[in-house]
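The values are calculated or read from the model by the stated rules, or taken from the named source; none is laboratory data. Since the model is a prediction, treat every value here as computed from it, not as a measurement. Every residue, glycine among them, receives a Cβ derived from its backbone with ideal geometry; neighbour counts consider all protein chains shown. Side chains are part of the model used for accessible areas, which takes the heavy atoms of the whole protein and leaves out ligands, DNA and RNA. Shrake-Rupley method; radii C 1.70, N 1.55, O 1.52, S 1.80 Å.
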Amino acid sequence: MAEIKVPELAESITEGTIAQWLKQPGDQVEKGEYIVELETDKVNVEVISEEAGVIKEHKADEGETVEVGQVIAIVEAGDGSSSGDTESEKEKEEESESKSEEKSSEQPKEEKGEEVQEEASDEIEEVPHNQKKERTIASPAARKLAREKGIDLSQVSTVDPMGRVRKQDVESHSSKPAESKKPEKSSGSAKPAQETKKADTKPVVREKMSRRRQTIANRLVEVQQTAAMLTTFNEIDMTHVMDLRKRKKDKFFDTHDVRLGFMSFFTKAVVAALKKYPYVNAEIDGDEVVLKKYYDVGVAVSTDDGLVVPIVRDCDRKNFAEIEGEIVELATKAKNKKLQLSDLQGGSFTITNGGVFGSLLSTPILNGPQVGILGMHTIQLRPVAIDAEKMENRPMMYIALSYDHRIIDGKEAVSFLAMVKNLLENPEDLLLEG
């Protein structure tokens, strides 16, 4: 018999939430096979079994918070046969049924007749109910809560695309009748009851925030409450970058087997600007400023589970192809939920590209404890004054730098952004800076 415990996750992570049991009690499991998926603040982690055998029991339900080192399941060595347990359960059921029959036969015939009628009526009501429960797919936690509250799982609506009823669906379902009954008890007039009935007709869906979404929300609020955040803006004429990319993209792809995008240009420009303005590449630790002499740039990636920021390490030592290749690899891992904790830890500066979704202008929020984040936006043709007499339509992009005003002055922030602008409007200079 082996205990399955929550493994060590990372230095800053001490607990997680059981997202999904991949193996149920009675299932056969091989050594090294995944049995449960844990959701942490940053990534989902799949836990393996250290012993082959049968899942005897779960010690925690889906949606439950568990700590590192906590026992969450028991694996019993064996071939997975549970016939012995099944037979013993059947024997117990048959014994209990025989006892109830003997007890009922000792009662007077009149009472027995009444009980038979009552049992028959119960069976008429309960059989379809049980059949519905068997057809409903639900997590163990949902079934347990439904039994405690006496709720028919077939009547519970769920937002799960596979139709699986989860614990939060049962909680939502159980709260509806309680809310509708309160006005009837507390008020004798018909008006409040009518108002409540009218409000109940509005369709709503209650969805519990995932652990990662809660963490994102808490950290963003924390940054806004603790940092003196300010944003400065500029715009870039993307003509020369787009021309260079158009001329070189085919050869670049043939040589490096990766597409030449805009992110490598921006990453290289940011690294050059960070070297000149080191306080933008710093963080505050108590009453000290930590100036980082490395350039690990986080690239924000949007996924179905929320925004994640994997890190491209040592960008000052990488060429354009290496940066583009690593960004593609990290983005693919993020969307496939394959990111490791090491992919997300650290980072000295962040770039976020809202332009891929059509954003024209925004004020990005700092990715604490970093003190700077660059926001890219959509490229849009706009009329630009070339000189006093000439106007042209140019592909323009607004860029934004949000920074912590506690250690970065306005002059430094504006100069940083201006340098990024100048380098991108003269992309050949990036080779000299790199």
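Looking only at the range 318-340, decide whether some residue is of a type in the set (D, E, K, R) and open to solvent by less than 20 Å² (accessible area, probe 1.4 Å).
The first filter runs over the range 318-340 and keeps only residues of a type in the set (D, E, K, R), leaving 318, 322, 324, 326, 329, 333, 335, 337-338.
Next, only the ones that are open to solvent by less than 20 Å² (accessible area, probe 1.4 Å) stay: 324.
Yes, there is a match, as at least one residue in the range 318-340 is of a type in the set (D, E, K, R) and open to solvent by less than 20 Å² (accessible area, probe 1.4 Å).
Restricting the search to the range 227-251, which residues are open to solvent by 80 Å² or more (accessible area, probe 1.4 Å) and closer than 30 Å to Asp287 by Cα? Before the answer, list the steps.
First, the residues of the range 227-251 that are open to solvent by 80 Å² or more (accessible area, probe 1.4 Å): 233, 240, 246-251.
Selection gives Phe233 alone.
Could you grab me the full set of residues in the range 284-317 that are open to solvent by 40 Å² or more (accessible area, probe 1.4 Å) and in a strand (DSSP E or B)?
To start, the set of residues in the range 284-317 that are open to solvent by 40 Å² or more (accessible area, probe 1.4 Å) comprises 284-291, 293-294, 302, 304-305, 307, 313-314, 316-317.
Answer for the range 284-317, where residues must be open to solvent by 40 Å² or more (accessible area, probe 1.4 Å) and in a strand (DSSP E or B): Ile284, Asp285, Glu288, Val289, Val290, Leu291, Ser302, Leu307.
Looking at (1) farther than 26 Å from Pro427 by Cβ; (2) without any contact (Cβ under 8 Å) to a residue 24 or more places away in the chain; (3) touching a Lys or Arg at 6+ places or on another chain (Cβ under 9 Å), which is the only condition Thr303 fails?
(2)
Looking at the range 30-76 only, could you name the residues that are part of a loop (DSSP other than H, G, I, E, B) and among the hydrophobic types (A, V, I, L, M, F, W, C)?
Of all residues in the range 30-76, those part of a loop (DSSP other than H, G, I, E, B) come to 30-33, 40-43, 49-52, 59-64, 68-70.
Listed by number, the residues that qualify are Val43, Ala52, Ala60, Val68.
Could you tell me whether the range 399-408 includes any residue that is open to solvent by less than 50 Å² (accessible area, probe 1.4 Å) and outside any strand (DSSP E or B)? Talk me through it step by step, then tell me what you get.
Step one: filter the range 399-408 for residues open to solvent by less than 50 Å² (accessible area, probe 1.4 Å), giving 399-404, 407-408.
If we keep only those that are outside any strand (DSSP E or B) too, we end up with 407-408.
Taking every residue of the range 399-408 in turn, at least one turns out to be open to solvent by less than 50 Å² (accessible area, probe 1.4 Å) and outside any strand (DSSP E or B).
Of everything in the range 341-389 that's among the hydrophobic types (A, V, I, L, M, F, W, C) and part of a helix (DSSP H, G or I), which residue is most open to solvent (accessible area, probe 1.4 Å)? Step through it out loud before you land on a result.
Quick first cut of the range 341-389, residues among the hydrophobic types (A, V, I, L, M, F, W, C) only: 341, 344, 349, 351, 356-357, 360-361, 365-366, 371, 373-374, 376, 379, 381, 384-386, 388.
Then drop every residue that is not part of a helix (DSSP H, G or I), which leaves 341, 356-357.
Details: Leu341: 22, Val356: 100, Phe357: 157 Å².
Looking at the filtered set, the residue picked out is Phe357.
Within the bounds of the range 324-335, is there any residue that is outside any helix (DSSP H, G or I), at pLDDT below 95 and either closer than 22 Å to Ala269 by Cα or not acidic (Asp, Glu) (or both)?
If we filter the range 324-335 for residues that are outside any helix (DSSP H, G or I), which is where we start, we get none.
Within the range 324-335 (the criterion being outside any helix (DSSP H, G or I), at pLDDT below 95 and either closer than 22 Å to Ala269 by Cα or not acidic (Asp, Glu) (or both)), the answer is no, since none of the residues qualifies.
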